[in-house]
Amino acid sequence: MTIPKWHVDDSKPWLKKYQDGVPKHPEFPVISLGDWFDQKTEEFAKNKCMYFSKTFMNYRVLRKYTDSLATSLSRLGVKKGDVVAILLPNCFQFTMGYFATVKLGGIVIPINPTYKPLEILHILQQVKPKGLICMDVMYGLIKPIQDKYKF
């Protein structure tokens, strides 16, 4: 019998390397990522969670803006199973867009903001998102292709 390359060793030799006190078989709650986000932002509300452009944000503020964006996306018709593309650099808004979409049961497709308009169009045509989250300063990447893809 040939063992496939992806075979996992059933003897789990890595467990021997675990430090004392590290559970060998941890239990993970069955919870959606959106519910996990709500729990953790509540639990750590006052803690700083992100830093961008010389500004810190705490979990309470992240939750507030994420919930507002989720409400707006819902009013625009985004629902469970819908794809939402996010064309943003690493910034607060990317995290908000990600979790707002996930909280609605949506599927996030991040798009690299260094892509050229035709590369972005190719991705949009492949994944067929219901919407796109981007900053106004990135509109220059969308304008040349806006007539070629309809959300």
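Annotation: the residues LEU121, LEU87, sorted from fewest to most other C-beta atoms within 10 Å of their own C-beta, follow the order LEU121, LEU87.
Each of PHE28, PHE44, PHE56, PHE37 was scored by other Cβ atoms within 10 Å of its Cβ. Arranged with the fewest first, they read PHE28, PHE56, PHE44, PHE37.
In this Cβ point-charge picture (+1 for Lys and Arg, -1 for Asp and Glu), the stretch 33-122 has a dipole of about 260 debye about its Cα centre. To make sure I understand the rule: partners must be lysines, Cα under 27 Å from the Cα of LYS17, and not fewer than 8 residues away in the same chain. Which ones qualify? Qualifying lysines at Cα under 27 Å: LYS5. Spherically averaged projected area of the convex hull of Cα atoms, the chain: 14.3 nm². When both bridge partners sit in the stretch 32-145, DSSP labels roughly 35% of those beta bridges antiparallel. ILE133's amide H: which non-local residues (gap 5+, or another chain) put their own amide H closer than 5 Å, with H modeled 1.01 Å from N in plane and none for Pro or chain starts? Those lying under 5 Å, H to H, from ILE133 are ALA85, ILE86, LEU87.
Along the stretch 15-23 the Karplus relation, 6.51 cos²θ - 1.76 cosθ + 1.60 evaluated at θ = phi - 60°, assigns HN-Hα couplings of 4, 5, 8, 5, 6, 4, x, 7, x Hz to successive residues, with x for each Gly and Pro. Work out the charge dipole of the chain with +1 on the Cβ of Lys and Arg and -1 on the Cβ of Asp and Glu about the Cα centre, then indicate which of GLN39, TYR149, TRP14 is farthest towards its positive end. Farthest towards the positive pole: TYR149. Close amide H partners of MET50, meaning residues 5 or more places away or on another chain with modelled amide H under 5 Å apart, are MET57.
Hey, fewest Cβ within 10 Å first, where do MET96, MET135, MET57 land in order? Let's see the in-between values first.
Working: MET96 25, MET135 13, MET57 16.
Taking fewest neighbouring Cβ atoms as first place, the list is MET135, MET57, MET96.
Across the stretch 35-49, computed HN-Hα scalar couplings (Karplus, 6.51 cos²θ - 1.76 cosθ + 1.60, θ = phi - 60°) run 5, 4, 4, 4, 4, 6, 5, 6, 4, 10, 3, 8, 6, 5, 10 Hz from first to last residue, x flagging Gly and Pro. Considering Cα pairs under 8 angstrom that are at least six residues apart, work out the relative contact order of the chain and quote it in whole percent. Answer for the chain is 19 percent.
In a Gaussian network model over the chain where Cα atoms closer than 10 Å are linked, find which of ALA45, ALA100, ALA85 has the largest mean-square fluctuation. Comparing ALA45, ALA100, ALA85 in a Gaussian network model of the chain, the most mobile one is ALA45. The GNM of the chain, with springs linking C-alpha atoms under 10 angstrom apart, assigns the highest mean-square fluctuation among THR71, THR95, THR114 to THR114. Listed by chain and number, the lysines placed with their C-alpha closer than 24 angstrom to that of LYS116 are LYS128, LYS130, LYS143, LYS148, LYS150; residues fewer than eight positions away on the same chain are left out.
Counting Lys and Arg as +1 and Asp and Glu as -1, what is the net charge of the other residues whose Cβ lies under 13 Å from the Cβ of LEU121?
Values: positive: LYS116, LYS128, LYS143, LYS148, LYS150; negative: GLU119, ASP147.
Taking every Cβ under 13 Å from that of LEU121, the sum is +3.
Here the Karplus curve 6.51 cos²θ - 1.76 cosθ + 1.60, taken at θ = phi - 60°, turns the phi angles of the stretch 65-71 into couplings of 5, 5, 5, 4, 5, 4, 4 Hz, with x standing for Gly and Pro. Taking amide H positions as modeled 1.01 Å from N, with prolines and chain starts lacking one, the residues under 5 Å from GLY106 and 5 or more places away or on another chain are GLY81.
Taken about its Cα centre, the chain carries a charge dipole of roughly 260 debye when the Cβ of each Lys and Arg holds +1 and the Cβ of each Asp and Glu holds -1.
Where a number appears in this text, it was derived from the coordinates with a stated rule and is not lab data. Since the structure is predicted, the reported quantities are computational estimates derived from the model, not experimental observations. Heads up, the Cβs are rebuilt from the backbone with ideal geometry, glycines too, and the neighbour counts pull from every protein chain shown.
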